[in-house]
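Laboratory data are not the source of any read-out in this text; all were calculated from the coordinates shown. Remember, it's a predicted structure, so these values are computed and weren't measured experimentally. All Cβ positions, glycine included, derive from the backbone under ideal geometry; neighbour counts span all protein chains shown.
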Amino acid sequence: MVFLQKCYNYDKKNILNIVKELFEKNGGIDKYSYKGANVVIKPNLVSKKKPEEAATTHPSLVYAVAKLCIENGAKVTIAESPGNNYDKNTLKSIYKATGMEQVAEETGAILNYDLSVTEVDNPNALSLKKIKVITPVAKADIVINIAKLKTHGMMVYTGAVKNTFGYIAGLEKAEYHFKNQNYDQFANAIIDIHLARIPDLNIIDAVVGMERDGPTAGDPKPVNLVFSGSNAFEVDLTALGVININPTKVPIFKNAYLRKLCAASYLDIEIKGCIIDEVKVNDFIVCYNENFDNLYFFKGIMGNAISKLITPKPVFNKKKCRACGECVRACPAKVIKITKNKYAHVDTEKCIRCYCCQELCPFKAVSIKKPLMNKLFISHNKVRK
């Protein structure tokens with residue numbers, strides 16, 4: 001079951017009422033917090049972004065969840081591993097910029113600074129049968145996953161399931177990108193990570209989402225909704241239905257369906273609250289990235305040559321680039337360098353098209369360019385049903 005609520009602003013009182021109803025409809029707050037319970041809130045804090053940029057979970061939702069859980073007797077920890085370094089200085093700066101520091105001050109929630117990881121068994125995984133996740137998640141009694149509805153350069157869409165990639169510590173995420181360069185392989189790795197610690201409750205902040213060049217360089221887009229449910233796949237499929245994304249175009253859900261982990265679409269899910277047809281956002285702009293490895297005509301030497309001509313690639317804007325080196329540190333393939341002219345340059349011949357550089361650039365200096373030849377083979381750009 002997925003519960004869908006209209007929400008038009010981030011006013012704290014308004015959000016608090018939304019979250020109270022959300023808990024009630026998902027089985028009651030006692031199901032998710034109780035005296036002595038160790039509750040971990042896992043927001044999307046991908047990088048050092050202000051709430052109004054719509055790249056991170058809005059602090060008002062984290063505030064409401066933390067406040068209600070603490071009032072119900074639980075100990076609440078806000079824990080996230082951002083896309084770059086996983087160290088105390090990085091976490092502190094991100095907690096401050098994203099509003100989590102203020103949430104902790106106002107509610108009594110704890111900001112996680114435990115940098116250790118814990119290996120957990122993952123018997124339902126396709127390949128990652130053992131996995132190291134950040135310790136607060138591994139040790140939690142309850143995990144409440146509060147994601148942000150956004151587009152994603154590599155995975156097309158990011159929501160509840162993709163948010164659990166933050167279980168992996170810091171730059172160790174780059175190893176997963178490098179070992180799983182095929183989009184379907186990476187999608188299955190994300191699914192495996194999600195299965196290592198399935199959240200008890202999933203909430204998607206879609207009051208204001210992000211379209212176009214997400215997950216950090218896109219445009220804020222009002223969706224005016226909050227999604228919630230115990231099954232992250234169902235919550236995400238409902239979100240895909242609202243913004244008119246075909247699940248077969250999203251690697252995570254294409255593969256989750258093949259693994260019998262989710263339905264084919266929101267049409268097979270029980271949805272309460274709003275009626276989807278009445279809240280659809282028909283002009284939500286999504287850029288699709290096809291997995292060229294699966295197209296039959298890209299074989300052999302000629303196929304490789306054609307693939308290079310049509311595959312999207314990261315392009316650096318010299319005027320926006322500040323040579324901060326964030327992309328260099330984040331690049332799984334280690335093919336980005338800072339030139340003598342003080343701007344970043346990527347070796348596109350060796351680029352694995354994970355787009356971590358675009359995701360983590362603090363100055364929005366990286367865009368994903370689709371070559372002219374690309375349009376002859378693949379239809380991209382705006383929303384397709």
Q: Please go through the residue pairs Lys130/Lys337; Lys20/Lys42; Lys249/Lys313 and name each one whose alpha carbons sit more than 22 Å apart in this structure.
A: Lys130/Lys337
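For the chain, what is the charge dipole size about the Cα centre, in debye to the nearest 20, if Lys and Arg each add +1 at the Cβ and Asp and Glu each add -1 at the Cβ? Spell out each step's value before the answer.
On the way: 55 positive and 38 negative charges, 316 e Å.
Roughly 1520 debye for the chain.
Do the sum for the chain: with -39,500 (n - 2.57) for every DSSP H run of n ≥ 4, divided by all residues, what is the mean residue ellipticity at 222 nm, to the nearest 500 deg cm²/dmol?
Numbers: 15 runs with 124 residues, N = 385.
Rounded to the nearest 500, it is -9000 deg cm²/dmol.
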Q | Above-threshold pairs, the threshold being 20 Å between Cα atoms, out of Lys129/Lys173; Lys221/Lys280; Lys50/Lys173 | A | Lys50/Lys173
(Q) Residue by residue through the range 9-24, what is 3J(HN,Hα) from phi via Karplus (6.51 cos²θ - 1.76 cosθ + 1.60, θ = phi - 60°)? Round to whole Hz and write x for glycine and proline. (A) 7, 9, 3, 4, 5, 4, 5, 4, 5, 4, 6, 4, 5, 4, 4, 4
Q: Excluding residues fewer than 8 places away in the same chain, name every one of the aspartates and glutamates whose C-alpha is closer than 13 Å to that of Lys12.
A: Glu106
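Which length gain, in nm to one decimal place, applies between Ile110 and Asp30 when the Cα-Cα distance is subtracted from 0.36 nm times their residue separation? List each step's numbers first, then the result.
Values: separation 80, 0.36 × 80 = 28.80 nm, distance 2.02 nm.
Between Ile110 and Asp30, full extension yields an extra 26.8 nm.
Place the peptides 223-234, 315-326 in order of packing, highest mean first, counting for every residue the other Cβ atoms within 10 Å and averaging per peptide. Intermediate results must be reported in sequence, preceding the final value.
On the way: 223-234: 22.9, 315-326: 14.9.
In decreasing order of mean packing, 223-234, 315-326 become 223-234, 315-326.
Just list whichever of Lys35/Lys139; Lys334/Lys369; Lys179/Lys260; Lys6/Lys96; Lys25/Lys139 have alpha carbons separated by over 22 Å in the model shown. Mind dumping the intermediate values first?
On the way: Lys35/Lys139 17 Å; Lys334/Lys369 20 Å; Lys179/Lys260 24 Å; Lys6/Lys96 28 Å; Lys25/Lys139 26 Å.
Listed pairs above 22 Å: Lys179/Lys260; Lys6/Lys96; Lys25/Lys139.
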Q: With a cut-off of 11 Å, note down the residues of the range 163-180 whose backbone N falls inside the zone around a label point 7 Å from the Cα of Lys139 toward its beta carbon.
A: none
Q. Rounded, prolate or oblate: which one fits the range 40-112, using the alpha carbon gyration tensor with axes a ≥ b ≥ c (rounded when a/c is under 1.5, else prolate when a/b beats b/c, else oblate)?
A. prolate
Q. Which of the cysteines in the chain are isolated, no other cysteine C-beta under 4.7 Å?
A. Cys7, Cys69, Cys262, Cys274, Cys287, Cys321, Cys324, Cys331, Cys351, Cys354, Cys356, Cys361
